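Single-structure report; data block below.
The values are calculated or read from the model by the stated rules, or taken from the named source; none is laboratory data. Remember, it's a predicted structure, so these values are computed and weren't measured experimentally. Here the Cβ is made from the backbone with ideal geometry for all residues, glycine too, and neighbour counts use every protein chain on show.
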Amino acid sequence: MFDLKVINSVLDQMEEERGVSRDKMLEAIEQALGTAYKKEFGKRGQIIRSHFDINTGDTIFEQIKIVADDTTVRVEDQVDHEAENEQQTNEPVENTDEDPRVRFDPEKHILIENARMIKKDVEVGDELVFPLEPKDDFGRIAAQTAKQVIIQKIREAEKESALKEFGQKDGDIIMGHVQRFERGNVYIDLGRVTGVMPYDEQIPGERFKPGDRVRALLVSVEETPRGIFLKLSRSHPDFLQKLFEIEAPELQNGSVEIKAIAREAGSRSKVAVFAHDDHIDPVGSMVGQRGVRVSTVMSELSGEKIDIIEWLEDSKEFVEDSLSPAQVISVEIIEEANSDNPNDRGHALVTVAPEQQSLAIGRGGQNVRLAAKLTGWKIDIVSTEEDSEEGEKEEKNDKDEKDADLEKEEITETNETKEDTVTEDTTEEAAENDESEKDVSDDEKAEEESDAKSDKPDSKKDKKEEVKETDEENVDEKETEEDEEKDDESESDTKEDKK
């Protein structure tokens, strides 16, 4: 009936390729044969088992019955009696919680009285085995049923072996090959199973091709109805730590410990390390000779920049070193961190030189952001220019306030002096007006007297001038007459000459 050579070769192949043991496969075959026998020759409710001999190919079928009594099952007479009571009262009998017994099935159960007739020392809950007639002529439906049972059992066995294997590798780096891309997710072939690296767990800017060799961190192993879900990541901070553990033996033996990691995948990372041995340089052990170790990790991360600093208990020094490569002038602790409440972070004010401020902040605030993640402190960066400007502003404000106070005092003094001067001026103006009025009256009198004296000689002079003018007019008339006579004579002479 069975080709034992083919069966043995299949069992060996399944054990090598898929990790399913021979015992699991034989168990699946036996269960499939029992299911096929029940489908073809059995009755409803029967429990049928089969035993398959891999060496001879013989199959033995057995029916199993469970020993029961009144405390575990309900006999048909009791069930009929309850049904009659239910019909008479028209009320359903509730026995779900109070009566946990199941209905008696003669194909599956056997009462203890009958069981002790077969076997004396049997107890309730034991199983009695009844041999069945061997059969080997199964129909198409029974064969198809057996096939489905074997496939289901193989999948369950694969799932168990994969969970056992990868459950131990949770948090470790595993290696695979890129299989396909789907909606931004990368599916990686890990051999027997396929892992998924979501888009959020990928390094930004990193591109893969089908068949590329990939190393990633196994983040979680989950069992789902569709199979095993292996979540992979290359952007997780633990992936960076595991890469350093591969390169640095000091991390593996525990002499150097990574205290904290702040990472922005694909761009920059900061790592704080601490050495338990005073004779070991923690930063040097991570960097390696001529930077070989850290350069290997950087190449695996597509050129991601890595800053390695030493972890210190002194908060000021640790905050100062976390801002490297920027040089810090001073660190002022404004508020201490609360160790009981991790959400209550400390607050530090860092002062740097003006030319170091942009380096301390970083592009887009990346350097100070990573330093805050690494230390767990809230960090504010201030340059010395800002301090001096603030001091100057305060001095100016003080000066302006003093000047304003002085101006107010001067204004009050000037107002008082003006009031005094106004009263003095009014009295002086009144006295001057009286004196000026007296002077004006005296001047008017003097002018009238002088006018009266000057009127007399002026009349005499006017008469003399009138006489002189009349004499001059007579002389002018005489001269004009003489000129006319001369002209007449000259005209007469010219006429004669013409004649």
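What number of residues in region 216-243 are assigned to a strand (DSSP E or B) and either aliphatic (A, V, I, L, M) or crowded, with 16+ Cβ neighbours inside 10 Å (or both)? Please lay out each step first, then the result.
Initial filter on region 216-243 (assigned to a strand (DSSP E or B)): 216-224, 227-233.
So of that shortlist, the ones also either aliphatic (A, V, I, L, M) or crowded, with 16+ Cβ neighbours inside 10 Å (or both) come out as 216-219, 221, 228, 230-233.
Total satisfying the criteria: 10.
Among the listed residues 163, 243, which satisfies the condition of being over 30 Å from residue 306 (Cβ atoms) and out of contact with any Phe, Trp or Tyr (no Cβ under 8 Å at 6 or more places or on another chain)? Even if it seems obvious, please write down each step before you answer.
Numbers: 243 fails: over 30 Å from residue 306 (Cβ atoms).
Answer to the selection: 163.
Please work out which residue is nearest to residue 238 (Cα to Cα), limiting yourself to region 190-215 and to residues that are touching a residue at least 40 places away in the same chain (Cβ under 8 Å) and more than 23 Å from the chain's Cα centre (by Cα).
So the residue we want is 215.
For region 16-72, which residues satisfy the criterion of being of a type in the set (Lys, Arg) and either part of a helix (DSSP H, G or I) or not assigned by TED's automatic domain parsing to the domain that holds residue 132 (or both)?
Applying the first criterion (of a type in the set (Lys, Arg)) to region 16-72 yields 18, 22, 24, 38-39, 43-44, 49, 65.
Result: 22, 24, 38, 39.
For region 244-272, give me each residue that is surrounded by fewer than 18 Cβ atoms within 10 Å (Cβ to Cβ) and closer than 21 Å to residue 377 by Cβ.
257, 259, 264 - these are the residues of region 244-272 that are surrounded by fewer than 18 Cβ atoms within 10 Å (Cβ to Cβ) and closer than 21 Å to residue 377 by Cβ.
Are any residues in region 273-285 surrounded by 15 or more Cβ atoms within 10 Å (Cβ to Cβ) and either aromatic (Phe, Trp, Tyr) or in contact with a helix residue (DSSP H, G or I) (Cβ under 6 Å, 6 or more places away or on another chain) (or both), and if so, which ones?
Those that are surrounded by 15 or more Cβ atoms within 10 Å (Cβ to Cβ) and either aromatic (Phe, Trp, Tyr) or in contact with a helix residue (DSSP H, G or I) (Cβ under 6 Å, 6 or more places away or on another chain) (or both): 273, 275, 285.
Taking the options 299, 315, 324, 339, name whichever one is modelled with pLDDT of 90 or more and either outside the structural domain of residue 203 (by TED's automatic domain parsing) or in contact with a strand residue (DSSP E or B) (Cβ under 6 Å, 6 or more places away or on another chain) (or both).
Testing whether each residue is modelled with pLDDT of 90 or more and either outside the structural domain of residue 203 (by TED's automatic domain parsing) or in contact with a strand residue (DSSP E or B) (Cβ under 6 Å, 6 or more places away or on another chain) (or both) leaves just 299.
Taking residue 290 as the residue in question, decide whether it is of a type in the set (Lys, Arg) and at pLDDT 90 or above. I'd like the intermediate steps shown before the answer.
Values: of a type in the set (Lys, Arg): yes; at pLDDT 90 or above: no.
Taking the combined requirement at face value, the residue does not satisfy it.
Please go through region 366-410 and pick out each residue that is basic (Lys, Arg), out of contact with any Gly (no Cβ under 8 Å at 6 or more places or on another chain) and at pLDDT 75 or above.
In the first step, residues of region 366-410 are kept if they are basic (Lys, Arg); the result is 369, 373, 378, 393, 396, 399, 402, 408.
Subset that is out of contact with any Gly (no Cβ under 8 Å at 6 or more places or on another chain): 373, 393, 396, 399, 402, 408.
Correct list: 373 only.
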